There are 2 protein chains.
Amino acid sequence: MARIVQKFGGTSVANIECIKNAALRVKAERDAGNEVVVVVSAMSGATNELIEYVNQIGGLCDAREYDVVVSSGEQSNAGLMALALQGLGIQARSWLGWQIAIQTDAVHGKARITGIDKNKLEKSLAEGEIPVVPGFQGLSPTNRVTTLGRGGSDLTAVALAGALKADRCDIYTDVDGIYTTDPRIVSKAKKLSKITYEEMLEMASLGSKVLQTRSVELAMNHNVRVQVRSSFKDTPGTIVVSEEEIVEQQVVSGISQSKDEAKITLLKIADQPGVAAAIFGPLADAAINVDMIVQNISEDGNTTDLTFTVGTVDLNKAVAVLEKNQAKIGIGEIVADSDVVKISVVGVGMRSHAGVAQKMFKTLADKGINIKVISTSEIKVSVLVAEEYGELAIRALHTAYGLDAD
Amino acid sequence: MARIVQKFGGTSVANIECIKNAALRVKAERDAGNEVVVVVSAMSGATNELIEYVNQIGGLCDAREYDVVVSSGEQSNAGLMALALQGLGIQARSWLGWQIAIQTDAVHGKARITGIDKNKLEKSLAEGEIPVVPGFQGLSPTNRVTTLGRGGSDLTAVALAGALKADRCDIYTDVDGIYTTDPRIVSKAKKLSKITYEEMLEMASLGSKVLQTRSVELAMNHNVRVQVRSSFKDTPGTIVVSEEEIVEQQVVSGISQSKDEAKITLLKIADQPGVAAAIFGPLADAAINVDMIVQNISEDGNTTDLTFTVGTVDLNKAVAVLEKNQAKIGIGEIVADSDVVKISVVGVGMRSHAGVAQKMFKTLADKGINIKVISTSEIKVSVLVAEEYGELAIRALHTAYGLDAD
């Protein structure tokens, strides 16, 4: 007998028919002799509708009341899922965040889980019941309803799996797993049967929307085996696990892209100490996140050129901040370019294999693709290229690293 | 300074614009120097949508989970109202049923309030805050969410007004008060400035949908002054109070009609002891509510005729039950008639004034309207007439009892 947390995302419980189908997946797990805890999101679209109401109300938004409003969608779905399970002859009951309780801090709107009292849920499981928990919601130290921020239902599921020492946390969603790259770009993309937490973290922060960074971090910290799988197919998904569990490690596990990046190049900057701080200080003050940074000596040898990336949404704001400080800092010219894409190869195997970056650079060079910026971490290499070359680059790299399906 | 509970029904908080308007009414009461507690319903239609979801799920409906689902609409509206009030510069916060707590029994779906812990709300008021309470919801002895049944938000408001010893409980709705009769039938119908609990009870049980019987009973038991008024007009509404508060009592306060009645006549019943029990027993077993009953000796003198009314929705079921027992009981013939309407004149003044019923019978006779069944209580006289004469009867009675507006 295994203990499994099954989490159903918004598209998996989007309407009554979906909820009934999800209930059948719970029943199948139960019929296989397993203990099951269910976590449900709100119906897809429901939370956005509630947020839109809050926006329409206007005024200074009190996040405590925001949480009272937006947590209601998960609550009703928890009741509906319990009813659907009962309809299949299964003993089930909803456990709201405050009933369990799922304790959080008081940072309403994006609270962190500080503790889960597992006693009631353990008792419920011991009685042969399936507890159904609304995701995304918790209880603050002053007994107010909190929510965990976007993707919060995944956090609930992973945290419950950790607290209850579950054997696995299954995240049911509208994709059937993690792929070596986006199958819409590379038809030969393969679904990974396993991926490490570290790789998943890089994929998440590089634009893969399947699991959010916080959930992966939490799973890693509590060593929760997370499976990403589809509500609409019966195939196994991708299991996110620690490195030790992966026997035959690929050097590169996947290739991701992010189009939400824009490049800013500052030409002919006075080459003097403190200039980098003078440039990035005002950007940080404006809450603009800077990602890749490279610095060159400029052609004349007396000044320096600096290139970095920001999120596309922040581009205009960043340029405005820089122009305001241009004279003071001594920047010759500001060149902005949003027609770029960041391509990353990710794999924990890089730690023990040399030549991964070199293969990337050579593959791109062979295709005549110019690399604008490079950045690396322990388990990934990212390059910035012109957007028009993005798909070509991904396909070439996918083949070069031996990721193509047979 | 007065203490006032303001309750906004579904049509008064049907969308964000309505919620903002309702918030302005709260502000006006506050600006007048009063302490205010707000109770909100779900957006009109929202609860029905949630109930429809529960119906679509099917299976045996666990009322505990039903309550988890259907209570969510009031929860989100409580948060939205608190935000709307904050937008007007007013300190406000939502207090959910379990946070207060509003204790109820465990009869999920139509729980009764067993107690309200007023301490947190008193503290909130003392701090100059406006508490916003979702109507309709409470907390069972085992810490489950309960709901109070249809019209439950009125119950919440009246119960809070009682517990907090409020000076008044204002029920904001889509009508501007209680009228002497339906203004769509009698253009000269007058809005009553005051009405007694007893009269309101009769009106409610006679089909007036403005306040439900349970809320009126609760108000009467706790001596809560309830005002029914419009969210969409600034005119004062109708205050429901105890008899002593009404100085100049009309003999008849109002005339109501109910079209949801059907008449069943049983002809030539064997006239023997126990026959009434034999007839009404099976109807009661089938959960069919019987209202007016009259019995006559039939033409031949050896048998009896019996006429009674049931709800229109129960008519076919009632006839089927009777036909099944027809031979055993000895019923000559069963005649059903749904083209009838019950007209009632209501007024506490009847207790001290003779001739009210007589005036009703004479007025109807003068118009050539045949009375099919009569029933009376201490403060009302009801007659059943053919539906086609209903409006004529109401207009004639409205004039006869001196209720027409000038």
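Would you tally the residues in segment A:108-123 being surrounded by fewer than 19 Cβ atoms within 10 Å (Cβ to Cβ) and either at the interface with chain B (Cβ under 9 Å from one of its Cβ atoms) or in contact (Cβ under 8 Å) with a residue 12 or more places away in the chain (or both)? Steps first, please.
We begin by selecting, within segment A:108-123, every residue surrounded by fewer than 19 Cβ atoms within 10 Å (Cβ to Cβ); these are A:109-110, A:112, A:114-115, A:117-120, A:122-123.
Okay, now just the ones that are also either at the interface with chain B (Cβ under 9 Å from one of its Cβ atoms) or in contact (Cβ under 8 Å) with a residue 12 or more places away in the chain (or both), so A:109-110, A:112, A:115, A:117-118, A:120, A:122.
Going through segment A:108-123 one residue at a time, the tally reaches 8.
Is it true that A:Gly128 is surrounded by fewer than 24 Cβ atoms within 10 Å (Cβ to Cβ), more than 14 Å from chain B (Cβ to nearest Cβ) and assigned to a strand (DSSP E or B)?
Numbers: surrounded by fewer than 24 Cβ atoms within 10 Å (Cβ to Cβ): yes; more than 14 Å from chain B (Cβ to nearest Cβ): yes; assigned to a strand (DSSP E or B): no.
No: the conditions fail for A:Gly128.
Which of the strands (runs of 3 or more DSSP E) contained wholly in segment A:27-107 include at least 1 residues that are more than 9 Å from chain B (Cβ to nearest Cβ)?
Answer list for segment A:27-107: A:35-40, A:102-104.
B:Val348 is checked against (1) under 18 Å from B:Leu306 (Cβ atoms); (2) touching a residue at least 40 places away in the same chain (Cβ under 8 Å) and fails just one. What number does that condition carry?
Only one criterion in (1) under 18 Å from B:Leu306 (Cβ atoms); (2) touching a residue at least 40 places away in the same chain (Cβ under 8 Å) is unmet by B:Val348, namely (1).
How many residues does segment B:360-390 contain that are among the acidic types (Asp, Glu) and under 22 Å from the mean Cα position of the chain (by Cα)? Explain how you work it out, then say what you get.
At the first step, the residues of segment B:360-390 found to be among the acidic types (Asp, Glu) are B:366, B:378, B:387-388.
Subsequent filtering for residues that are under 22 Å from the mean Cα position of the chain (by Cα) retains B:378.
Total meeting the criteria: 1.
How about segment B:291-337: which of its residues are on the phi > 0 side of the Ramachandran plot and either within 30 Å of the chain's Cα centre (by Cα) or loosely packed, with under 14 Cβ neighbours inside 10 Å (or both)? Before you say what the answer is, go through the steps one by one.
Residues of segment B:291-337 that are on the phi > 0 side of the Ramachandran plot, as a first pass: B:301, B:330.
Result: B:Gly301, single match.
What do you reckon, is A:Arg144 basic (Lys, Arg) and touching a His at 6+ places or on another chain (Cβ under 8 Å)? Before the answer, list the steps.
On the way: basic (Lys, Arg): yes; touching a His at 6+ places or on another chain (Cβ under 8 Å): yes.
When the stated conditions are applied, A:Arg144 passes them.
Among the residues of segment A:370-382, how many are over 15 Å from A:Gly254 (Cβ atoms) and not charged (D, E, K, R)? If you could, list the steps in order and put the result at the bottom.
Start the filter on segment A:370-382 by keeping residues that are over 15 Å from A:Gly254 (Cβ atoms), which leaves A:370-376, A:378.
Pick out the ones that are also not charged (D, E, K, R) and you get A:370-371, A:373-376.
Looking only at that region, the number is 6.
Checking B:Cys169 against (1) over 11 Å from B:Val226 (Cβ atoms); (2) out of contact with any Asp or Glu (no Cβ under 8 Å at 6 or more places or on another chain), only one condition comes out false. Which one?
(1)
Quick grid of which residues meet (1) in contact with a helix residue (DSSP H, G or I) (Cβ under 9 Å, 6 or more places away or on another chain); (2) part of a loop (DSSP other than H, G, I, E, B); (3) modelled with pLDDT of 85 or more; (4) not polar (S, T, N, Q):
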residue	(1), (2), (3), (4)
A:Ala219	yes, no, yes, yes
A:Phe232	yes, yes, yes, yes
A:Thr235	no, yes, yes, no
A:Ile239	yes, no, yes, yes
A:Glu248	no, yes, no, yes
A:Val251	yes, yes, yes, yes
A:Ile269	yes, no, yes, yes
A:Pro273	no, yes, no, yes
A:Ala277	no, no, yes, yes
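Kindly indicate whether A:Ala166 is out of contact with any Ser or Thr (no Cβ under 7 Å at 6 or more places or on another chain), surrounded by 19 or more Cβ atoms within 10 Å (Cβ to Cβ) and not in a loop (DSSP other than H, G, I, E, B). Walk me through how you get there before you give the answer.
Values: out of contact with any Ser or Thr (no Cβ under 7 Å at 6 or more places or on another chain): yes; surrounded by 19 or more Cβ atoms within 10 Å (Cβ to Cβ): yes; not in a loop (DSSP other than H, G, I, E, B): no.
The answer is no for A:Ala166.
When you go through B:Val228, B:Val224, B:Val241 one by one, which is the residue that is under 22 Å from B:Ile4 (Cα atoms), within 17 Å of the chain's Cα centre (by Cα) and surrounded by fewer than 22 Cβ atoms within 10 Å (Cβ to Cβ)? Walk me through how you get there before you give the answer.
On the way: B:Val228 fails: surrounded by fewer than 22 Cβ atoms within 10 Å (Cβ to Cβ); B:Val224 fails: surrounded by fewer than 22 Cβ atoms within 10 Å (Cβ to Cβ).
The unique qualifying residue is B:Val241.
With the requirement that a residue be buried (at least 23 other Cβ atoms within 10 Å of the Cβ) and away from chain A (no Cβ under 12 Å), what does segment B:5-21 give you?
B:Val5, B:Gln6, B:Lys7, B:Phe8, B:Gly9, B:Gly10, B:Ser12, listed by residue number.
Answer yes or no: is there a residue in segment B:200-213 that is more than 19 Å from B:Ser12 (Cβ to Cβ), touching a residue at least 24 places away in the same chain (Cβ under 8 Å), assigned to a loop (DSSP other than H, G, I, E, B) and within 16 Å of the chain's Cα centre (by Cα). Talk me through it step by step, then tell me what you get.
Quick first cut of segment B:200-213, residues more than 19 Å from B:Ser12 (Cβ to Cβ) only: B:200-207, B:213.
Remaining after also requiring touching a residue at least 24 places away in the same chain (Cβ under 8 Å): B:200, B:202-203, B:206-207.
Checking which are assigned to a loop (DSSP other than H, G, I, E, B) leaves us with B:206-207.
Those left that are additionally within 16 Å of the chain's Cα centre (by Cα): B:206-207.
Checked segment B:200-213: at least one residue is more than 19 Å from B:Ser12 (Cβ to Cβ), touching a residue at least 24 places away in the same chain (Cβ under 8 Å), assigned to a loop (DSSP other than H, G, I, E, B) and within 16 Å of the chain's Cα centre (by Cα).
I'd like the full set of residues that are more than 16 Å from A:Ala42 (Cβ to Cβ) and either in contact with a strand residue (DSSP E or B) (Cβ under 9 Å, 6 or more places away or on another chain) or buried (at least 24 other Cβ atoms within 10 Å of the Cβ) (or both), limited to segment A:84-98.
At the first step, the residues of segment A:84-98 found to be more than 16 Å from A:Ala42 (Cβ to Cβ) are A:85-93, A:95, A:98.
Matches in segment A:84-98: A:Leu85, A:Gln86, A:Ile90, A:Gln91, A:Ala92, A:Arg93, A:Trp95, A:Trp98.
Just for segment B:186-207: of the residues that are touching a Phe, Trp or Tyr at 6+ places or on another chain (Cβ under 9 Å) and either surrounded by 21 or more Cβ atoms within 10 Å (Cβ to Cβ) or modelled with pLDDT of 95 or more (or both), which one is farthest from B:Val240 (Cα to Cα)?
To start, the set of residues in segment B:186-207 that are touching a Phe, Trp or Tyr at 6+ places or on another chain (Cβ under 9 Å) comprises B:186, B:189-192.
Next cut, either surrounded by 21 or more Cβ atoms within 10 Å (Cβ to Cβ) or modelled with pLDDT of 95 or more (or both) only: B:186, B:189, B:192.
Details: B:Val186: 22, B:Ala189: 18, B:Leu192: 10 Å.
Here the residue is B:Val186.
Only one residue in B:Gly355, B:Gly347 is modelled with pLDDT under 95, touching an Asp or Glu at 6+ places or on another chain (Cβ under 9 Å) and closer than 29 Å to B:Glu199 by Cβ. Which one? Full working, then the answer.
Details: B:Gly355 fails: touching an Asp or Glu at 6+ places or on another chain (Cβ under 9 Å).
Matching residue, one of B:Gly355, B:Gly347: B:Gly347.
Between residues in segment A:133-152 that are more than 14 Å from chain B (Cβ to nearest Cβ) and at negative phi and residues that are charged (D, E, K, R) and surrounded by fewer than 24 Cβ atoms within 10 Å (Cβ to Cβ), which pairs lie under 7 Å by C-beta distance while being six or more apart or on different chains?
Here the result reads A:Leu148/A:Lys110, each pair linking segment A:133-152 to a residue that is charged (D, E, K, R) and surrounded by fewer than 24 Cβ atoms within 10 Å (Cβ to Cβ).
The values are calculated or read from the model by the stated rules, or taken from the named source; none is laboratory data. These numbers come from a predicted model, not from an experiment. Here the Cβ is made from the backbone with ideal geometry for all residues, glycine too, and neighbour counts use every protein chain on show.
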